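All remarks here apply to the structure that follows.
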Amino acid sequence: MADRVTVIGWDGSPLTDAARGALGAATLVAGAPHHLALPEIPETAERVRLGSVTLAARRVAAHRGTAVVLADGDPGFFGVVRSLRAPEFGLEVEVVPGVSSVAAAFARAGMPWDDAHVVVAHPRTLRRAVNVCRAHTKVAVLTSPGAGPAELGLLLDEVHRTFVVCEELGTENERVSVLTSDKAPDHTWRDPNVVIVIGGPAAAVEGGGWIAGRDPSTGPRGWTQPDEVYGGVLGEGENELLRAAQLARLGPRTGDLVWDIGCGSGAFAVEAARAGAAVLAVDLDPESCARTDAVAREFGVHLQIVRGEAPHILENLPEPDVVRVGGGGAAVVAAVADRRPQRIVAHAATRDAAELIGRDLTEHGYRVECALLQAVGLDTKSWTENERSVVFLLSGELPPRDTAR
C-alpha cells in the first residue's frame, strides 16, 4: 500500500506550497494528460494516466512510496476522493482542494449558485439529469463523453432553456459560450465541460436563501392543497384526498419525469412538480391546458403542457418514471404500461371498470393494489354531511428487477 496519498485539486491557477511539496516528494503521480505535463512533477516519478479511476486506485494502492493524484477542481465534490476512499482500496488520503469546476463556471457567468441544483450526467444518469433541468430554474450539469451539451439539448427537446457551456476551465483552451438549448446539438464540444442550464420563472428570495438548491419551504405547506385553491373547477377524480393518495403511491421526486394524463385543473401536476419532479401534463381540452398553465404560474413551478388525445399523443413523449392516469380508462392505462414506468396510478368509478384496469396492469407484469376510498366531508358547525365521494384507487408497481433505469 502507498505510504502516503495526496489528492490535489487543480483549477488552472499556480499550485499552492502544499501542492508543490506533495508533488516534489511523489514517486507516483496519477492524472489527466494536462496534469502529467506540469513541470512540478519529478522526472523520476512514475506517471499514471487517469482514465479509469478504479484502475488508477488499484495502481496507487499497490504502490510502495508516496503517491499524488491530480484532478480538476475540487476532488471532493463529485470527484476522485470518493473512489479512492472506497473500502476495497483501504486508502487514507490528504486533500489539497481547488476551486470546483461548478464554482468556476458560475464565476465565469457572473452568477450566484447557492440556489442551483448540481447534477452529474453520464450515459446512465443523463435522462435523470435532463429531468432536473426540466423541473428547475438553475442547474449545473457536470458532463461526460456521450452525455454533454449536445445530448442535453436533444433530450430537452421542446423545453427551451439557456445554456452557458464552459469548456476546459482553467486551461489555456478555456471557452465560455452562451446559447439556447436547441442550438447545442449543432456544435462539437470539448471535454471536460460544465453546462449551466437556466430557464423558467425564478422565485426571488430576499436577502438570499438558507439552503443550497431548491428551497423546499417555499409555498404553502402540505403535499396537496384544498380544492378551492384551484378555482373550484376540479373534475371527477381530482379531489384533494384522492390526489394525496395518488401522490403517496407514486412518490414523485427530483430526477423523475411524471406523466399526468388528463390533467384537468392542473392540481395533481402542480403538486407533483412541487415535490421536485419534472412533469408532462397531457389533456385534449384547451381550457384544461390553459388552467394548468395558469395554476403552474401561480405556484411558480415548471410544467410542460402537451395538448392531445391519449393514447396516441403518448407515443413521442419522453420516458416516464411514474404516471397518473386521470382519464381515458383501461385503453390509456394499457398504453402507459407498454412504456414500463416504475409506478402507475389510476381511478375508477365502478368495480367493473376497476377490474378491467387491474387486469390490464397485471397482464403487463405490474403488481396491482386496489382500494375503495370513501371520503365524507362534514360541516363542523353542525357536524352534518355536506359532501361524499367514493372511488376505486388502483396502483401498479413493477417488480424490482424491471425498475432499473
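The values are calculated or read from the model by the stated rules, or taken from the named source; none is laboratory data. Predicted, not measured: the structure shown is a model, and the values here were computed from it. Positions of Cβ are backbone-derived with ideal geometry, glycine not excepted, and every protein chain shown enters the neighbour counts. SASA here: full protein model, heavy atoms, side chains in, ligands and nucleic acids out. Shrake-Rupley method; radii C 1.70, N 1.55, O 1.52, S 1.80 Å.
For the reader, a short list of remarks on this structure follows.
- Among all positions in segment 358-376, there is no residue which is within 20 Å of A244 (Cα to Cα), open to solvent by 30 Å² or more (accessible area, probe 1.4 Å), basic (K, R) and in a strand (DSSP E or B).
- Each residue in segment 234-259 was checked for being open to solvent by 20 Å² or more (accessible area, probe 1.4 Å) and either part of a helix (DSSP H, G or I) or closer than 19 Å to G328 by Cα (or both), and 10 of them qualify.
- Scanning segment 229-272 for residues that are under 16 Å from Q342 (Cβ atoms) and of a type in the set (G, A, S) gives A248, G251, G255, A272.
- Test set (1) farther than 19 Å from G264 by Cβ; (2) of a type outside the set (S, T, N, Q); (3) touching a strand residue (DSSP E or B) at 6+ places or on another chain (Cβ under 6 Å) - V323 fails condition number: (1)
- Subset of segment 88-105 that is out of contact with any Pro (no Cβ under 8 Å at 6 or more places or on another chain) and in a helix (DSSP H, G or I) - its residue that is surrounded by the fewest Cβ atoms within 10 Å (Cβ to Cβ): A103
- Taken over segment 114-127, the residue count meeting the criterion of being surrounded by fewer than 19 Cβ atoms within 10 Å (Cβ to Cβ) and part of a loop (DSSP other than H, G, I, E, B) is 5.
Quick grid of which residues meet (1) surrounded by fewer than 19 Cβ atoms within 10 Å (Cβ to Cβ); (2) more than 30 Å from F163 (Cβ to Cβ):
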residue	(1), (2)
V7	no, yes
T16	yes, yes
E40	yes, yes
A62	yes, yes
T66	no, yes
V80	no, no
A86	yes, yes
A107	yes, no
P112	yes, no
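- Residue match in segment 260-270 (condition: modelled with pLDDT of 95 or more, crowded, with 19+ Cβ neighbours inside 10 Å, among the acidic types (D, E) and not in a helix (DSSP H, G or I)): yes
- Positions within segment 128-168 being of a type in the set (D, E, K, R), open to solvent by 50 Å² or more (accessible area, probe 1.4 Å) and in a strand (DSSP E or B), in sequence order: none
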